[in-house]
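Below is one structure, written out as structure tokens, with a few remarks after it.
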Amino acid sequence: MNKELLGILVIFLTTVLLAVPLGRYLATIYRGDKSWSDFLLPFERLLYRLGGVRPEREMTWQQHLLALLAINLVWFGWAMFVLCTQGSLPLNPDHNPSMTPDQAFNTAISFLVNCNLQHYSGESGLTYFSQVFCIMFLQFVTAATGMAACVVVFNALREGAVDKLGNFYVYFVRSITRVLVPLSLLVALVIVFQGTPMTWQAKAPVVTMQGDSTFVSRGPAAAMIGIKQIGTNGGGYYGVNSAHPLENPTFLSNAVENGAIVLIPIAMALAFGYYLRRPKLGWMVFGVMTAGYLLLQLPTVYLEMHGNPAITHLGIDQSLGSLEGKEMRLGAPASALWAIQTTVTSNGSVNAMHDSLTPLSGMNAMLGMMTNAFYGGVGVGFLNFFVFIIVAVFISGLMVGRTPEFLGKKIEAREMKIAILIALLHPLLILAGTALSAHLYVGNPTEYAGWLANPGYHGFSEMLYEYTSAAANNGSGFEGLGDNTPWWNISTGVVLLLSRYLPIIGPVAIAGLLARKKYIPESAGTLRTDTGTFGVMVFFVIWIIAALAFFPALALGPLAEHFTLYAK
Amino acid sequence: MKSQFLTALRLTLTMLVLCCGIYPAIVWAAAQLAPGHGEGVQVTQNGRLVGFANVGQRFDKPEYFNSRPSAASYHADGSSGSNKGPSNPDYLKEVQARLDTFLLKNPGVQRADVPAELVTASGSGLDPDLSPQGALVQVPRVAKARGLAPEKVQALVQQQVVPSLLGPNKVNVLALNVALDALAK
């Protein structure tokens, strides 16, 4: 077997093996059961006291959402302040300027929603202060927000839940102290020993062997890279993210950073089962997610290893695969692995340039974000999946003529309305955004010539990818798109906002409404949701709702490009 | 509602201390023990700083092993990929032109022996490495430019190959060229 294929197999399997105990651990700490990490209790009590939190106060689902939105608003204010004034704040040895308001708006929103659309390049667009105190801060707290919201849903679905669904701040603080900080620290320590910088020194002047003068950008990169991978944020320290040889110096650093992308999302799916003491349910969710993921991953690895046919025609040696936009220490298979794992989760970091992927690989990356539920972001990935479960329960109920119910609670019109609205919001935002932009571009191609780096079908794919990435809160991009303009900054900013908060509010509301309903004990007439059959059902619901909605758009972009490129 | 925001504000400040104070301080302290002390691993030649081990730099002279094409022109304070799509006609012309130039500079090399990385831009624009084949194919040119025996240069390349257990084997271009200069003396 090819050594590099074996390499990516090892990365994936190791991650899954680590995610199983992590899933158990997550369930334990969120239930408040005894855990080895309880030595942190006094420290957490200190944090509660400093933060003014009363941990014993339980909240209803509405109070949870209120707490979530209030603290998010505070973070937005903080981020705007830092980004607009960073030029005059401390820790700016490279003398980088402050951001323009529209770019600051886009960046603040982007990181507030745990996304990382970056319409700037880290080396010149941010200071060390804003990298650490704005970007890295948001990478921690927004990941914890998603996890806390997810736990509210877990809690509402447990047997005997009624109104009181735990304390939002407790879930939030525990996510940080017991999961995000320790895991990020682990990743950061590995990569710092692989050569990633962690310094407050300015960029270093170098005269190269051939006599060119250049500067090497440095900074507090390792700490940030740890959480950007673990918290599925993905916002790179450097402009090219983990393709940068300092952000991701070796094959080992790559394996660790790559594993960190899907670790918590997989663990969260399993934690769902452990939390409810129905482990089979967790494995059903994991199975569906993995099937969907592999369907996108396998062809991508194949295509990237076989290279670009237009370059094959030149008669050169393409045995190492398609290498435009890729790094030699990582290679084509490891780049393909990352490309799909970062898009099925809402991570969005990259270790190769997605704009230069072969057309169908680019499409698979988009499909990962269009479905947005195969693993998904930390916490929110499960919330998206939960919406599809509700829809699948309802449809299966209709098919077999039983009252649709999930975990002993009836699914009725109100829950279904919310679920369908959330499920349809995603394609609406993506397709409407792309259609508007395409309309603008076609109406005035000279004025907007700076938008697209590539002509034809691929240019359309660049716009489609951008909105898909924004709506999935992913953050990767076909970076050829000239996206630092008011139109792109503001329109994607709006898409980001809507597609973060509504898909959190919706599932939490559904779960909150379900919790209040009468519990119906399971009987022979109950639709079993922890079976393979139901898994297949959910799988098809996801594909029919999420993927087919995008088929016409995909046909205009990557599919058309594929057939023209491979027909020659 | 007011107390909601007060808690939000206080908790935010507390988390700033934990996530942006304590956490990076631990990583920074650990970095002091790491190679390069967290400031990047520097490479010197005859006592002069010539680059960072992990950061690629421009090599296009015939007497050096050349590095990959770069969309960032090897400016290490502004990384960038080309972001060219696989079917872009201008891009394909550019690749063709790079191939023609390479064949011109390396007479005697067959097309089929030119590995794709030498005519495609890397993701970062700062790729420090080549595949072993990417270095070996340049041996005749480098040997001729330096007046060295090709076997000797080839042996040097093989010596510089960094094998990887599960990833691709690679050659660090800067390390190779530093070793080459030492050999030439």
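Using the Karplus equation 6.51 cos²θ - 1.76 cosθ + 1.60 (θ = phi - 60°), what ³J(HN,Hα) coupling, rounded to whole Hz, does each residue of region A:276-292 give in order, writing x for Gly and Pro?
Listing the rounded values in order: 7, 6, 10, x, 4, 4, x, 5, 4, 4, 4, x, 5, 4, 5, 4, x Hz.
Take the eigenvalues of the Cα gyration tensor for region A:94-252, scale each by 5, and report the square roots as semi-axes in whole Å, largest first.
35, 18, 11
Scale the Cα Rg of region A:302-433 by the rule-of-thumb value 2.2 N^0.38 Å and send over the ratio, two decimals.
Normalised Cα radius of gyration, region A:302-433: 1.42.
Could you work out [θ]222 nm for chain A from helices alone, using -39500 (n - 2.57) per DSSP H run of at least four and dividing by all its residues? Round to the nearest 500 deg cm²/dmol.
Using -39500 (n - 2.57) per qualifying helix, the result is -20000 deg cm²/dmol.
Of the cross-linked pairs A:326/B:93; A:34/B:2; A:280/A:417; A:228/A:326; B:105/B:144, which ones have a Cα-Cα span greater than 23 Å in the structure shown?
Beyond 23 Å between Cα atoms: A:34/B:2; A:280/A:417.
Let me have the relative contact order for chain A, percent, based on Cα pairs under 8 Å that are six or more residues apart.
The normalised contact order for chain A reaches 18 percent.
Just want the answer: with Cβ charges of +1 for Lys and Arg and -1 for Asp and Glu, which residue in A:48, A:84, A:566 is farthest toward the dipole's positive end in the protein assembly as shown?
A:48
When the C-alpha atoms of region B:40-184 are aligned to their principal axes, what extent does each axis show, in angstrom, from largest down?
Extents along the principal axes, in whole Å: 43, 38, 31.
Go through region A:233-242 residue by residue and turn each phi into a ³J(HN,Hα) via Karplus (6.51, -1.76, 1.60, θ = phi - 60°); whole Hz please, and just put x for glycine and proline.
Ordered by residue, 3J(HN,Hα) equals 8, x, x, x, 6, 9, x, 9, 6, 7 Hz.
Let me check I've understood the local charge: for residue A:229, count other residues with C-beta under 15 angstrom from its C-beta, Lys and Arg +1, Asp and Glu -1. What total comes out?
Neighbour charge sum, excluding residue A:229 itself: -1.
Give the Cα extents of region A:449-568 along the principal axes, in whole Å, largest first.
62, 38, 18
What is the average number of partner chain Cβ atoms found within 10 Å of a Cβ in A:197-207?
Details: counts 10, 12, 8, 4, 4, 0, 3, 9, 2, 10, 4.
Neighbouring Cβ atoms belonging to other protein chains average 6 per residue here.
Using Cα centres only, tell me the gap between region A:319-388 and region B:76-91 in whole Å.
18
Report the dimensions of region A:487-540 along its three principal axes from the alpha-carbon atoms, largest first, rounded to Å.
Principal extents (largest minus smallest coordinate, Cα): 56, 29, 10 Å.
Only Cα pairs under 8 Å and at least 6 apart count here; give the relative contact order of region B:40-184 as a rounded whole percent.
So the answer I get is 27 percent.
Quick check of the Kirkwood formula: for the protein assembly as shown, what is the inverse mean of 1/r over all pairs of different Cα atoms, in Å? Walk me through the intermediate numbers first.
Numbers: mean 1/r = 0.0379 Å⁻¹.
Value: 26.4 Å, from the Cα pair sum.
Which distance in Å, rounded to a whole number, links the C-alpha centroids of region A:490-545 and region A:1-38?
Here the two parts' Cα centres lie 25 Å apart.
From the backbone phi of region A:401-406, what are the Karplus-calculated ³J(HN,Hα) couplings (6.51 cos²θ - 1.76 cosθ + 1.60, θ = phi - 60°) in whole Hz, Gly and Pro given as x?
x, 10, 5, x, 9, 10
Roughly how many percent of the accessible protein surface of chain A is carbon and sulfur, given a 1.4 Å probe and a whole-percent answer?
Its accessible area is 69 percent carbon and sulfur atoms.
How high is the relative contact order of region A:275-398, in percent, with contacts defined as C-alpha pairs under 8 Å that are six or more residues apart? Kindly include the intermediate steps, with their values, before the conclusion.
On the way: 155 pairs, mean separation 30.4, N = 124.
Across region A:275-398, relative contact order equals 24 percent.
How much net charge surrounds residue A:361 when only other residues with a Cβ under 13 Å from its Cβ are counted (Lys, Arg +1; Asp, Glu -1)?
Around residue A:361, the charge tally is -3.
The values are calculated or read from the model by the stated rules, or taken from the named source; none is laboratory data. Just so it is clear, the structure is predicted and the values come from calculations on it, not from any experiment. Cβ sites come from the backbone with ideal geometry, for glycine too, and all protein chains shown count toward neighbours. SASA here: full protein model, heavy atoms, side chains in, ligands and nucleic acids out. Shrake-Rupley method; radii C 1.70, N 1.55, O 1.52, S 1.80 Å.
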